[in-house]
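Written out below as structure tokens is the structure these notes cover.
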Amino acid sequence: MPAMTLPDHSIETPPRAPSPVHGFGTLAVHAGSPHDPVTGAVIEPISLSTTYAQTAVGQPVGLYEYTRSSNPNRENFEAAIAALEHAKHALAFSSGSAATANILQSLAAGSHVISISDVYGGTHRYFTKVASAHGVQVTFSPHIERDISGLLKPETKLIWIESPSNPTLSLVDIRAVASIAHQHGILVVVDNTFLSPYIQNPLDHGADIVVHSVTKYINGHSDVLMGAAAYNSPELHERLTFLQNAIGAVPSAFDCWLAHRGLKTLHLRAREASKNALNIAQTLESSPHVLSVNYPGLPSHAQHHITVKQHRDGLGGGMLSFRIRGGKEAAERFCQETKIFTLAESLGGVESLVEVPGSMTHAGIPREQREAAGVWDDLVRVSCGIEDGVDLCKDVMQALEKAAVGVKMNGAKNGGN
Ligand SMILES: Cc1ncc(COP(=O)(O)O)c(C=O)c1O
């Protein structure tokens, strides 16, 4: 498949989706959810058929021909994502990684990309091991707002941002980066997985494309792997729709239906997870067993001013990370001692999870790079679910005590230190 070239334009702001008439909760429940026109079913049926009948050659009975190209459940889900991200268009993919791959595939060989350093490990792997094999080079920057002008090359076509980043929860001022990028005709992509469209709408801050691992908050029940991209530009829509079909990394009708069902409660889940995360962050911050806490909702977060400017109601989201006293051992013990939080990768589900990024999700990134980005061996990442907040805080406190006792006992056994 020939790589496609990004237009060499002096950027005109693409036409934007009109401001939504209804609030988030109303859109989440109703956008892309028409009643079935034949039966009146309030909940759409699942269209499992892979092919659709035609009355004559090239004349399908309805809107659909073959499910990879389009499918009613996928289209309805895409309409809902577009509404929630204030976008004109959205596309669904078989995973968040497939959404990333499709966007990178749209770049011509020889293109250059600038990305934040502490990007999701799988995105880092794609940039360094797959995109590079197709002649797309990526430069990583730990301070993209500060360094962007110096990193630009004539071949720079994309800026890749995660805000908050994974797992250190640092923020990027999307508007500041987009205004420099747009002076050079460069597109800005924001991975919004960690916050979900309820808390942040990157297109409203000047981004050109927003991507999600739908697997996380949007589906919210840890039972679907899916991705999505949303944007306003009709040219992007033409190119990415072509690639969606040509590459074929599309979700099943059933997964679209499940993810659409999950999305209808996103606002409730995101609010509750944020409330729990703030309580846990405060508990951790006051514990003698904790070295530091990364949570955008805390006033002590170095970029809290961006939280206030960029997030709905200054919410910090459901994700946080912290450095525990006692190194890797204490981090691992903490994760084994929690009773409600499950030790597992992933995030954004109704259930709370913990993990050690240095040994799990980010183990593939060389130690030097990992530590430069703040991913130390003693860093614990927490995904707060929607369980009772008091129970979650108690669980964190008892696991901290047990991890600390373990460190002391081992210290004594090993002769101190
Ligand atoms: C921030 C972020 N982006 C993208 C992805 C990739 O998504 P998926 O696992 O759906 O391919 C992940 C997965 O954890 C993620 O955390």
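The values are calculated or read from the model by the stated rules, or taken from the named source; none is laboratory data. Everything numeric in this text was worked out from a predicted model, so none of it was measured. Cβ atoms come from the backbone with ideal geometry, glycine included; neighbour counts cover every protein chain shown.
Okay, residues lined up against (1) within 13 Å of the ligand (Cβ to nearest atom); (2) in contact with a helix residue (DSSP H, G or I) (Cβ under 7 Å, 6 or more places away or on another chain); (3) at pLDDT 95 or above:
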residue: HIS124; (1), (2), (3): yes, no, no
residue: PHE127; (1), (2), (3): yes, no, yes
residue: ALA131; (1), (2), (3): no, yes, yes
residue: VAL136; (1), (2), (3): no, yes, yes
residue: SER141; (1), (2), (3): no, yes, no
residue: PRO154; (1), (2), (3): no, no, yes
residue: LEU158; (1), (2), (3): no, no, yes
residue: PRO164; (1), (2), (3): yes, no, yes
residue: PRO167; (1), (2), (3): yes, no, no
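For (1) β-branched (Val, Ile, Thr); (2) at pLDDT below 95; (3) outside the structural domain of VAL136 (by TED's automatic domain parsing), each residue gets a yes or a no:
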{"site": "PRO15", "(1), (2), (3)": "no, yes, yes"}
{"site": "VAL42", "(1), (2), (3)": "yes, no, no"}
{"site": "THR50", "(1), (2), (3)": "yes, no, no"}
{"site": "GLY96", "(1), (2), (3)": "no, no, no"}
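Considering each of ALA92, ALA109 in turn, give the residue that is at pLDDT 95 or above, over 22 Å from the mean Cα position of the chain (by Cα) and either more than 28 Å from HIS205 (Cβ to Cβ) or part of a strand (DSSP E or B) (or both). Before you say what the answer is, go through the steps one by one.
Values: ALA92 fails: over 22 Å from the mean Cα position of the chain (by Cα).
The match here is ALA109.
Pairs needed: first member in region 43-60, under 25 Å from HIS260 (Cβ atoms) and exposed (fewer than 13 other Cβ atoms within 10 Å of the Cβ); second member anywhere, of a type in the set (D, E, K, R) and at pLDDT below 95; C-beta distance under 9 Å; at least 6 residues apart or different chains.
Final answer for the pair search is ILE43/ASP36.
Quick check: anything in region 69-88 closer than 23 Å to GLY374 by Cβ, buried (at least 23 other Cβ atoms within 10 Å of the Cβ) and within 16 Å of the ligand (Cβ to nearest atom)?
Applying the first criterion (closer than 23 Å to GLY374 by Cβ) to region 69-88 yields none.
Checked against the condition, which is being closer than 23 Å to GLY374 by Cβ, buried (at least 23 other Cβ atoms within 10 Å of the Cβ) and within 16 Å of the ligand (Cβ to nearest atom), region 69-88 yields no hits at all.
Looking at region 377-406, I want the residues that are more than 21 Å from SER346 (Cβ to Cβ) and small (Gly, Ala, Ser) and have a partner that is assigned to a loop (DSSP other than H, G, I, E, B) and at pLDDT 95 or above with Cβ atoms under 8 Å, at least 6 apart or on another chain. Which pairs are those?
ALA403/HIS289; ALA403/GLY326; ALA404/HIS289; ALA404/ARG325; ALA404/GLY326; GLY406/GLY326
Within region 320-341, is even one residue within 16 Å of the ligand (Cβ to nearest atom) and aliphatic (A, V, I, L, M)?
Step one: filter region 320-341 for residues within 16 Å of the ligand (Cβ to nearest atom), giving 320-321.
Going one step further and asking which of them are aliphatic (A, V, I, L, M), we end up with 320.
Checked region 320-341: at least one residue is within 16 Å of the ligand (Cβ to nearest atom) and aliphatic (A, V, I, L, M).
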